[in-house]
Amino acid sequence: MNLAKKNLKLKVDNRIFIKVIKPNEVTKSYVQWLKDYEVTKYTDQNKYSHSLASTKSYVSQKFNSENDLLFGIFFDNFHIGNIKLGPIDFENKSSEISYFIGEKSFWGQGIVSKCIKTLTQFAIIDLGMIKIIAGYYENNIGSAKALDKCGFVFEKIKVGDAIFEDKPINNILVAYTLK
């Protein structure tokens, strides 16, 4: 990836920005988000045990990756969640996007939608992507609404593809495609 990745920062609005997160920016609060089932129940993160060391290792791996951009979401300089673009397939000009808000007091405010729009536009304009893919569990109404609001359209259902609260659940795949 030919980017000044260390200092990559994108303005979302007057109070929100996303920036590539560095291993030394991992905090105890960040680790607590990952340990909170309510925060991670719709993500793969709920399947892992998290510590400060393991989280720093993950962030370091993404920071050093040529195909992933892991951003922190910041509201008034306060880290409230993450949004990731990757893996990025430069050859096929496509990528995946995933996200979560760890600070529950910021849920339901439309912050994720704004961040998805900003990162999708960056992927298309600056990285030359033509397709961005996202997936969500069928019962994750918040993600469904956020992605729809950002112009993502239904692509396919992976029937029984995930386990949610010990039961198989469908995984919905959506995509934003440059036309």
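Derivation of every value follows stated rules applied to the coordinates shown; laboratory data play no part. Model, not experiment: these values are computed from the prediction. So basically every Cβ, Gly included, is an ideal-geometry build from the backbone, and we count neighbours across all protein chains shown.
With both residues required to sit in the chain, DSSP beta bridges show an antiparallel share near 90%. Taking 11 Å as the cut-off, the amide N atoms of the stretch 149-173 that come nearer than this to a point 7 Å along the Cα-to-beta-carbon line of residue 138 belong to 157-162, 168-172.
Could you please rank 174, 112, placing first whichever residue has the fewest other Cβ atoms within 10 Å of its Cβ?
174, 112
So what is the relative contact order for the chain, in percent, with contacts set as C-alpha pairs under 8 Å and at least six apart? It rounds to 17 percent for the chain.
The amide H of residue 90, built 1.01 Å from its N in the peptide plane, has no neighbour under 5 Å, considering only residues 5 or more places off or on other chains.
Kindly state, to the nearest 0.05, the FRET efficiency for residue 38 paired with residue 65, given R0 = 25 Å and r defined as their beta-carbon distance.
Calculated transfer efficiency: 0.30.
With neighbours defined as other Cβ atoms within 10 Å of a residue's Cβ, the residues 119, 173 order from fewest to most as 173, 119. Between the amide H of residue 102 and those of 81, 82, distances stay under 5 Å, these residues lying 5 or more places away or on another chain, with hydrogens modeled in the peptide plane. Distance check, please: which entries in 56/114; 19/117; 56/131; 22/47; 9/41 exceed 18 angstrom between their Cα atoms? From the list (56/114; 19/117; 56/131; 22/47; 9/41), the Cα-Cα distance tops 18 Å for 56/114; 56/131; 22/47; 9/41. Going by neighbour counts of Cβ atoms within 10 Å, the residues 133, 80 line up, fewest first, as 133, 80. Within the set [x] 0.91; [y] 2.71; [z] 0.98, the number that Cα Rg over 2.2 N^0.38 Å takes when calculated for this structure is listed as [z]. Testing the spin-label approximation: label points 7 Å from Cα along Cα→Cβ at residue 105 and residue 49. State their distance in nm. So the label points at residue 105 and residue 49 sit 3.2 nm apart.
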